[in-house]
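Structure, as structure tokens:
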Amino acid sequence: MSEDFYCEQVLSGKTEVEKVYETENVLAYYHTKPFYPVHIVTIPKKHIDSLLTIQEDNLLLEIFTVIKYVA
Ligand SMILES: [Zn+2]
């Protein structure tokens, strides 16, 4: 089974990340192996299989609000 880095390492706190911004349900942090000078990752604070399968519109909105904020 492939490792779910976000849940197993980041959200669990096993891998420490530098937080940029967070809300109740969303976390934005600096990529641990950035490809660009500024590379921020934005993830929901619970496991989501895919952005396309999110049922909660509020969560989707919260994710994009955070992305807009940190971009
Ligand atoms: Zn996950």
* Taking all pairs of distinct alpha-carbon atoms in segment 5-70, Kirkwood radius in angstrom -> 12.3
* Round to the nearest 10 and report in Å² the accessible area of H47, as given by a 1.4 Å probe over the protein chains' heavy atoms. => 110
* Asked: Among A28, V38, F64, whose Cα sits farthest toward the positive end of the charge dipole of the chain (+1 at Cβ of Lys/Arg, -1 at Cβ of Asp/Glu, about the Cα centre)?
  -> V38
* Asked: For I40, what accessible area in Å² do you get when you roll a 1.4 Å probe over the heavy atoms of the protein chains, rounding to the nearest 10?
  -> 50
* Structure fact -> The correct pair for segment 1-41, radius of gyration to one decimal and Dmax as a whole number, both in Å and from Cα atoms, is 10.7, 32
* **Vicinal HN-Hα couplings computed from phi for segment 52-65 (Karplus, 6.51 cos²θ - 1.76 cosθ + 1.60; Hz; Gly/Pro x)** => 7, 9, 5, 7, 7, 4, 4, 5, 4, 5, 4, 4, 6, 5
* Asked: Using a 1.4 angstrom probe with every protein chain in place, what is the largest-first accessible-area order of K19, K68?
  -> K68, K19
* Structure fact -> For the chain the mean separation of alpha carbon contacts under 8 Å (6+ apart) over residue count, i.e. relative contact order in percent, is 27
* Karplus (6.51, -1.76, 1.60) ³J(HN,Hα), θ = phi - 60°, over segment 25-36, in Hz, Gly and Pro reported as x -> 10, 9, 10, 10, 9, 6, 3, 6, 10, x, 8, 10
* Asked: Going by accessible area, probe 1.4 Å, with all protein chains left in place, what is the ranking of K46, K14, largest first?
  -> K14, K46
* Structure fact -> Spelling it out for I40: with amide H atoms placed in the peptide plane at 1.01 Å from N, the residues 5 or more places away or on another chain with amide H under 5 Å from its amide H are H31
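The values are calculated or read from the model by the stated rules, or taken from the named source; none is laboratory data. Please read these numbers as outputs of a predicted model, since none were measured by experiment. Neighbour counts are summed over all protein chains in view; Cβ atoms, including those assigned to glycine, are modelled from backbone coordinates with ideal geometry. Please note that ligands, DNA and RNA were not included when accessible areas were found on the heavy atoms of the full protein model with its side chains. Shrake-Rupley method; radii C 1.70, N 1.55, O 1.52, S 1.80 Å.
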